[in-house]
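The values are calculated or read from the model by the stated rules, or taken from the named source; none is laboratory data. Since this is a predicted model, take the numbers as computed values, not measurements. Cβ coordinates were reconstructed from backbone atoms using ideal geometry, including for glycine residues, and neighbour counts include every protein chain displayed.
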Amino acid sequence: MSSGTNDTIAAISTPPGEGGVGIVRLSGPDAFRIAAEVFVSSSGADLLSAKRQRVFHGHVVDEAGQPIDEVLAHRMRAPHSYTAEDVVEINAHGGAAPLRAVLDAVLRRGARLARPGEFTRRAFENGRIDLAQAEAVIDLVRARTDAALRAANAVAGGALSREMHALRETLAGALARVEAAVDFPEDDLPELVDDALFAGLGTARAQMGRLLDTARAGRLYREGAAVAIVGRPNVGKSSLFNALLRDTRAIVSPLPGTTRDRIEEDASIGGVPLRLVDTAGLRDTADVIEQAGVDLARAALREADAVLFVVDASLPMTGEDLQLVEELGGATVPVIVARNKSDLAGSHPCAEPEGFAETCLVSAVTSAGLDMLEAALGRALLGAAIGGETPMISRMHQADSLRRAAHCVDRALGCRDVSPELLAFELREALAALGEITGETTPEDLLDIIFGQFCIGK
Ligand SMILES: Nc1nc2c(ncn2[C@@H]2O[C@H](COP(=O)(O)OP(=O)(O)O)[C@@H](O)[C@H]2O)c(=O)[nH]1
Ligand SMILES: [Mg+2]
């Protein structure tokens, strides 16, 4: 994708479908000229010559001067706009026909149809936002919960960029001293590569570790976490599924083997967008359809970010429960035990699987303990990142760059008694890796992929 910003781009920036208003956005050096050519102001005001940011009321007209739609045209002069270029946003009526006609009118006057993400890419190329902020724009558009929105807003506002800046400053400062030591080895300078330098690198390395620790939570906020509800038949998996959704979605019945399919619903627990997956009870069965359900349940288990293991607390553990304890004991994702039917268990709950991080006594029927269960799920999914000060990294390429930078710093820390040349090399590599997160050193093809994920008009 060319990064040339000498042409003027246009697109419909609101989603398809009907709405109160829809916006055609124009950005580039000819934005005002093109808008002025298609627009007739109702007050006679001139869109081209008026001085400040302004909103004009009037009509977009076709080449014959016939009105296409009544609009508000919002004119923003560079650099005070989304792209940092001259921008006109034409607020038309929100329907496919008026918006396409307005877009067509500006394209006929010389604008080019914008590519996906091109407005945001221009904001990035023009230095108004960096890559981490640009990517957070997608996250905030797609956020499904308030907590996910807050996390995206923090990064869009520059919280992650400031962390990156501070890290790079530390590394660049260290590099400058090491390079001076390489250049003037025999000079009588005070020792340049000293304890303070390594202490600074150690602090930077620790902060990289904290940022890396947010990667899982960041990804879960962005993509949503899959939580599989598993257990033997009849322990109340479907009842808990419904209770957590606060909806009757799955069939509940006293007959074991009722759920034979895998049922999924979106939910939000502790601010984490979730995909709750109800599954068939895990047991050996001769029924082919139930067996197909058991296979689906095992697939859900493999894909889950966390597992809710349900047992019936009103009964002693059965052989099937124990088999699951064994199977889930080896899980690589957090397993939370829900000891269900506490209302039946009274003051002597029975089944209690051992060896899992969190166990909650609940009742899907009375909802007792559900809030504790949700809190446990939130902790299991987000870990230390919950409510923390550290901004989250949410993308694989960010974690990958940060991990490479951390490895370089680890090696640099091991370079104390080795050559300063080697130390300088590691610091340079670390700086380059960190620069990929904010976009300074990101390869062009990766930028194309990142901005290509945006929609047209963004
Ligand atoms: N008393 C009581 N009954 C429950 C509870 N949860 C589920 N049940 C009952 O247990 C039976 C099996 O429930 P279901 O959700 O279908 O279990 P599943 O096979 O694990 O999905 C049904 O009769 C439910 O009404 C609970 O917390 N308390
Ligand atoms: Mg069920």
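Observations on the structure shown:
- Pairing each residue of the stretch 384-397 that is buried (at least 19 other Cβ atoms within 10 Å of the Cβ) with any residue that is modelled with pLDDT under 60 and part of a helix (DSSP H, G or I), provided the two are 6+ apart or on different chains, yields C-beta distances under 8 Å for 392/385.
- Applying a threshold of 6 Å to beta carbon distances and a minimum spacing of six or more residues, or different chains, the list of pairs starting in the stretch 217-234 at a residue that is on the phi > 0 side of the Ramachandran plot and among the small types (Gly, Ala, Ser) and ending at one that is outside any strand (DSSP E or B) and within 11 Å of ligand 2 (Cβ to nearest atom) reads 231/237.
- Scan of the stretch 10-50 for residues that are surrounded by 13 or more Cβ atoms within 10 Å (Cβ to Cβ), of a type in the set (Ser, Thr, Tyr) and more than 20 Å from residue 78 (Cα to Cα), ordered by number: 14, 41
Every residue, every condition in (1) outside the structural domain of residue 227 (by TED's automatic domain parsing); (2) modelled with pLDDT under 95; (3) of a type in the set (A, V, I, L, M); (4) surrounded by fewer than 22 Cβ atoms within 10 Å (Cβ to Cβ), yes or no:
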site	(1), (2), (3), (4)
264	no, yes, no, yes
269	no, yes, yes, yes
326	no, yes, no, yes
330	no, yes, no, yes
340	no, no, no, no
348	no, yes, no, yes
357	no, yes, yes, yes
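- The set of residues in the stretch 366-379 being out of contact with any strand residue (DSSP E or B) (no Cβ under 9 Å at 6 or more places or on another chain) and either within 14 Å of ligand 1 (Cβ to nearest atom) or over 22 Å from residue 275 (Cα atoms) (or both) consists of 366, 367.
To keep it simple, each residue is scored yes or no on (1) at pLDDT below 95; (2) more than 23 Å from residue 140 (Cα to Cα).
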{"position": "204", "(1), (2)": "no, yes"}
{"position": "215", "(1), (2)": "yes, no"}
{"position": "218", "(1), (2)": "yes, no"}
{"position": "222", "(1), (2)": "yes, no"}
{"position": "225", "(1), (2)": "yes, no"}
{"position": "230", "(1), (2)": "yes, yes"}
{"position": "240", "(1), (2)": "no, yes"}
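- Residue count, the stretch 286-310 (criterion: closer than 9 Å to residue 260 by Cβ and of a type in the set (D, E, K, R)): 2
- Condition met for residue 204 (assigned by TED's automatic domain parsing to the domain that holds residue 304, in contact (Cβ under 8 Å) with a residue 60 or more places away in the chain and more than 16 Å from ligand 1 (Cβ to nearest atom)): no
- Of the strands (runs of 3 or more DSSP E) entirely within the stretch 51-167, those holding at least 3 residues that are surrounded by 14 or more Cβ atoms within 10 Å (Cβ to Cβ) and in contact (Cβ under 8 Å) with a residue 24 or more places away in the chain occupy 67-76, 87-94.
- Matching residues, the stretch 31-54, being closer than 19 Å to residue 107 by Cβ and at pLDDT 90 or above: 31, 32, 33, 34, 35, 36, 37, 38, 39, 40
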